[in-house]
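Colleague: Please find one structure pasted underneath; my questions will follow.
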Amino acid sequence: MADSDGKLRLPWTGEFSPGQLGERALAETITIVGANKGDRAAIVSAFRERWFSNAATKRKDPSDRLRQQNVRSGNVLNGMQSYGLVSDSYYLTDLGEELLAETNAEKRSELFAAFLLKHRQGLELLDAVRGLHQRHTSVTKKNVVDELRKRGYWFTTNSGDAGKLRQWLGTAGIVDVDWRINDERIAAIAGTSLTTIGEWQSLTRVQRAFLQTVRRLGETRGTSAIPSPELLEFVRDEHGAIFDESQVKKIYQALGQGGWISHAVKSAGRGGKGGLIAATPKLLDVDFELLLGFKPGDLPADLRAVMTTPREKIYKDLDSRSAHIKGIALELLAVNVASDLGLTPLSLRVRGVRTGGAEVDLVSEGAHLLFSRWLFQCKNTKTVNVDVLAKEVGMATLLQANVIVIVTTGKFSKTVGDFAEHVSETTPFQVVLADQSVLEAHRDGGASALRERFHRSAENAMRLKRPQVLDTLDELGEDGASS
């Protein structure tokens, strides 16, 4: 992680390590912090009593000895903060609370190790060690630090942070005292092996961009095939014109040979020129949070279990007599609409299963040429009135969203359309109204048909918003002329 000075560092450990505090260090330290929430002095005192009351015996002055013991105890707390366990106000973080609640010691170590791999440079440390092994270079403290320095990391003289981070990873069986790496444990704990990470790092920027898009689509489509023209449109929207059309076949070949995608070419029919592309289990199983910070949204587990439900079944289930089935179908519709627009669904604010399948709210985000946040309100009702849009405008303000999308299986009242135009004309928001006809186009024509309708809405929003610029520039010109 990079500090405020921009230097890349491993987390500072201080006295917070199993070697210093013993094999129960994690459980004992978080228990002490949890019992003395927010009280730094009490936490430090408890650490001193547990581990350092007999330290600094060479210091003859009792007050000097106590001061040194407190320094070492404070270094434990500072190390816990660096490791993401304790907040600046000396409370356990969400991670710390999760580990404290976990009663199984082995599971607790695995959860902590997974966090260190993903968020505290654990993977970078192990990859550096793997590089030494591959070059048949002895893995010593000096050689590990030198290898990391070559990769841009900064260390103080005689820093022990690499070795102490290894100790914490070792508690989960990931690496032993001789720096022997257990790749199977990494894969089991983090979801991705060092070998796969190395393969990812060897890909070109363009190849990674294609995989990011295929993987995002795979969240809702699974291993279902995507026609090449549709995929290329998604890649352009999300990453820009980063590829040459003449090189697409080579991109597919390379990714297919790596086992990331399957690529089937037919002489005619669905897929057309370029064939059909699908994510493989390897791509769907890889932990993208490890590779590039990508993390699927925090959607409920029961919804994630059915995310790849075919679009045709989703639309059929919207008419189910079961409120629960209708609720799940409406949530899946919201997620699929967001995904087919090139967005990442993040979280549900109102669950369809709790509203009898009548409504659902979804927050989604996209990082295309610019970042955007979208609010979706999906209604499985015959008519949508203006109060629904008014509520979403308020939520968009609170959540700092850019786009408000109201989707309905029915129709909008005239006042909704009028208010939507007013919002687009007078605020930074864009409002998109998607009624029964839009959903029918999506059901029958898929992502391309949906995106065409939304492009039309964007053009209309530009027309409505153009006076905002012209009127403002005129006012600024008048102000300048009068000054």
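The values are calculated or read from the model by the stated rules, or taken from the named source; none is laboratory data. If you're wondering where the values come from, they're calculated on a predicted model, not measured in any experiment. When we count neighbours, we look across all protein chains shown, and the Cβ atoms used for this are built from the backbone with ideal geometry, even at glycine. Heads up: the accessible areas ignore ligands, DNA and RNA and are worked out on the full protein's heavy atoms, side chains in. Shrake-Rupley method; radii C 1.70, N 1.55, O 1.52, S 1.80 Å.
Colleague: Do we find that Phe429 is closer than 19 Å to Leu343 by Cβ and open to solvent by 10 Å² or more (accessible area, probe 1.4 Å) in this structure?
Modeller: yes
Colleague: Return the residues of the stretch 425-466 that are assigned to a helix (DSSP H, G or I), among the hydrophobic types (A, V, I, L, M, F, W, C) and more than 28 Å from Asp317 (Cβ to Cβ); say none if nothing qualifies.
Modeller: Ala458, Ala461, Met462, Leu464
Colleague: Out of curiosity, is Ala209 open to solvent by less than 50 Å² (accessible area, probe 1.4 Å) and of a type in the set (A, V, I, L, M, F, W, C)?
Modeller: yes
Colleague: Oh, and also: Tyr90 passes all but one of (1) out of contact with any Phe, Trp or Tyr (no Cβ under 9 Å at 6 or more places or on another chain); (2) at pLDDT 95 or above; (3) closer than 28 Å to Ile189 by Cβ; (4) not small (Gly, Ala, Ser); which number fails?
Modeller: The number of the failed condition is (3).
Colleague: Also, I was wondering about something else. For the stretch 171-206, which positions are under 22 Å from Lys249 (Cβ atoms) and open to solvent by 50 Å² or more (accessible area, probe 1.4 Å)?
Modeller: Glu199, Ser202, Thr204, Arg205
Colleague: List the number of the failed condition for Phe234; all other conditions in (1) open to solvent by less than 20 Å² (accessible area, probe 1.4 Å); (2) without any contact (Cβ under 8 Å) to a residue 60 or more places away in the chain hold.
Modeller: (2)
Colleague: Residues of the stretch 12-44 being open to solvent by 50 Å² or more (accessible area, probe 1.4 Å) and among the small types (Gly, Ala, Ser), which ones?
Modeller: Correct list: Gly19, Ala35, Ala41.
Colleague: Now for a different question. Determine the pairs where a residue that is free of Cβ contacts under 8 Å to residues at least 40 places away in the same chain, located within the stretch 375-387, has a partner that is charged (D, E, K, R) and open to solvent by less than 10 Å² (accessible area, probe 1.4 Å) with Cβ atoms under 9 Å apart, the partner being 6 or more residues away or on another chain.
Modeller: From residues that are free of Cβ contacts under 8 Å to residues at least 40 places away in the same chain, the pairs are Leu375/Asp361; Leu375/Glu392; Gln377/Asp361; Gln377/Glu392.
Colleague: For the stretch 55-91, give me the residue count where each residue is in contact (Cβ under 8 Å) with a residue 60 or more places away in the chain and of a type in the set (S, T, N, Q).
Modeller: 3
Colleague: Now for a separate question. Please specify each residue of the stretch 360-412 satisfying the condition of being assigned to a strand (DSSP E or B), open to solvent by 50 Å² or more (accessible area, probe 1.4 Å) and of a type in the set (Lys, Arg).
Modeller: Matches in the stretch 360-412: Arg373, Lys411.
Yes/no matrix, rows are residues, columns are (1) modelled with pLDDT of 90 or more; (2) touching a Pro at 6+ places or on another chain (Cβ under 9 Å):
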residue	(1), (2)
Glu230	yes, no
His239	no, no
Ala264	yes, no
Thr280	yes, no
Asp285	no, no
Arg311	yes, no
Asp319	yes, no
Gly327	yes, no
Glu331	yes, yes
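Colleague: Let me ask something else about it. Looking at Ser246, Ser262, Ser224, can you tell me which residue is over 30 Å from Leu148 (Cβ atoms) and in a loop (DSSP other than H, G, I, E, B)?
Modeller: The unique qualifying residue is Ser224.
Colleague: I'd like the residue in the stretch 396-422 that is of a type outside the set (A, V, I, L, M) and within 34 Å of the chain's Cα centre (by Cα) and, out of all such residues, is nearest to Thr383 (Cα to Cα).
Modeller: Gly410
Colleague: Tell me the residue from Ser224, Ser228, Ser246 that is in contact with a Gly (Cβ under 8 Å, 6 or more places away or on another chain) and small (Gly, Ala, Ser), please.
Modeller: Ser228
Colleague: Shifting gears a bit: Can you tell me which of (1) open to solvent by less than 40 Å² (accessible area, probe 1.4 Å); (2) over 27 Å from the mean Cα position of the chain (by Cα); (3) small (Gly, Ala, Ser) is the one Ser109 doesn't meet?
Modeller: Unmet for Ser109, out of (1) open to solvent by less than 40 Å² (accessible area, probe 1.4 Å); (2) over 27 Å from the mean Cα position of the chain (by Cα); (3) small (Gly, Ala, Ser): (2).
Colleague: Being more than 18 Å from Arg120 (Cβ to Cβ) and either surrounded by 10 or more Cβ atoms within 10 Å (Cβ to Cβ) or at pLDDT 90 or above (or both) is the filter here, so list the residues in the stretch 132-148 that pass it.
Modeller: Residues satisfying the conditions are Leu132, His133, Arg135, His136, Thr137, Ser138, Val139, Thr140, Lys141, Lys142, Asn143, Asp146.
Colleague: Another question about this same structure. Somewhere in the stretch 247-261, is a residue open to solvent by 60 Å² or more (accessible area, probe 1.4 Å), β-branched (Val, Ile, Thr), out of contact with any strand residue (DSSP E or B) (no Cβ under 7 Å at 6 or more places or on another chain) and at pLDDT below 95?
Modeller: No, there is no match, as no residue in the stretch 247-261 is open to solvent by 60 Å² or more (accessible area, probe 1.4 Å), β-branched (Val, Ile, Thr), out of contact with any strand residue (DSSP E or B) (no Cβ under 7 Å at 6 or more places or on another chain) and at pLDDT below 95.
Colleague: Restricting to the stretch 339-353, name every residue that is under 14 Å from Cys378 (Cα atoms) and not hydroxyl-bearing (Ser, Thr, Tyr).
Modeller: Pro345, Leu348, Arg349, Val350, Arg351, Gly352, Val353
Colleague: Could you please let me know if Trp168 is open to solvent by less than 20 Å² (accessible area, probe 1.4 Å) and either within 25 Å of Glu110 (Cβ to Cβ) or not in a loop (DSSP other than H, G, I, E, B) (or both)?
Modeller: Spelling it out, Trp168 is indeed open to solvent by less than 20 Å² (accessible area, probe 1.4 Å) and either within 25 Å of Glu110 (Cβ to Cβ) or not in a loop (DSSP other than H, G, I, E, B) (or both).
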